[in-house]
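What follows is a single structure, written as structure tokens, with notes after it.
The values are calculated or read from the model by the stated rules, or taken from the named source; none is laboratory data. Treat the numbers as computed from the prediction; the structure is a model and nothing was measured. Cβ coordinates were reconstructed from backbone atoms using ideal geometry, including for glycine residues, and neighbour counts include every protein chain displayed. To get the accessible areas, we keep the full protein, side chains included, count just its heavy atoms, and leave off ligands, DNA and RNA. Shrake-Rupley method; radii C 1.70, N 1.55, O 1.52, S 1.80 Å.
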Amino acid sequence: PTMTAEELVSLYEEALFARLGTFNQEGTIHIAPVFFKYQDGQILIATQEPSRKIRNIKRNNNVSVLIDISEVPFRGALIYGTAELDYEDVLSKRIAIFERTRSLEEAKEYAHRLIDRWKSVIIRVTPLDVASFDYSKF
């Protein structure tokens, strides 16, 4: 059974991680666990510029994002969309993303450590289609 719009927002707030799928150069699919935040109809993902995810998105911005709860009964959403790279105000966006899973102080420290080491970027995924499932409805 599918989820309502309200149930999807609740899922996005509850899930700790997502999995981002991008296309490798030779056509295989690269899937990586990511920190994320749902905001204004988009999925925001924090990462580093040198990552394979970014190289893949620069070649092909079609992506998939799986956000799910892996405990029984399973619930989740597979989002098909397009990605854009956002380099503006990355530090505050990373902190907001990390704050979903840790305290504000821990989120700030973690974001600073990453930004001090690598050029950081936010991936903004705009959903084009969402396939959801909620096995608690059986």
From LEU66, LEU114, LEU85, residue being among the aliphatic types (A, V, I, L, M), assigned to a helix (DSSP H, G or I) and either closer than 21 Å to LEU8 by Cβ or open to solvent by less than 90 Å² (accessible area, probe 1.4 Å) (or both): LEU114
Does region 42-58 hold any residues that are closer than 10 Å to VAL125 by Cβ and not polar (S, T, N, Q), and which are they? ILE43, LEU44, ILE45, ILE57
Tell me whether region 42-62 contains one or more residues that are closer than 17 Å to ALA5 by Cα and either part of a loop (DSSP other than H, G, I, E, B) or not charged (D, E, K, R) (or both). yes
State which residue is modelled with the lowest pLDDT when the search covers only region 111-138 and only residues that are among the aromatic types (Phe, Trp, Tyr) and within 29 Å of ARG75 (Cα to Cα). PHE138
Taking the options LEU85, LEU20, name whichever one is farther than 27 Å from ASP134 by Cβ and of a type outside the set (Ser, Thr, Tyr). LEU85
Looking at the structure I just gave you, is LYS93 in contact with a strand residue (DSSP E or B) (Cβ under 6 Å, 6 or more places away or on another chain), modelled with pLDDT of 95 or more, not aliphatic (A, V, I, L, M) and not in a strand (DSSP E or B)? yes
Residue list for region 10-30, restricted to those being open to solvent by 50 Å² or more (accessible area, probe 1.4 Å) and not in a loop (DSSP other than H, G, I, E, B): SER10, GLU13, GLU14, ARG19, PHE23, ILE29
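Restricting to region 93-111, what's the tally of residues that are closer than 20 Å to PRO50 by Cα and open to solvent by 40 Å² or more (accessible area, probe 1.4 Å)?
Kept after step one, since they are closer than 20 Å to PRO50 by Cα, are these residues of region 93-111: 93-95, 97-98, 110-111.
Pick out the ones that are also open to solvent by 40 Å² or more (accessible area, probe 1.4 Å) and you get 93, 110.
Adding up the residues that qualify gives 2.
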Kindly list the number of the only condition in (1) in contact with a Pro (Cβ under 6 Å, 6 or more places away or on another chain); (2) closer than 19 Å to LEU20 by Cα; (3) open to solvent by 20 Å² or more (accessible area, probe 1.4 Å) that fails for TYR135. (2)
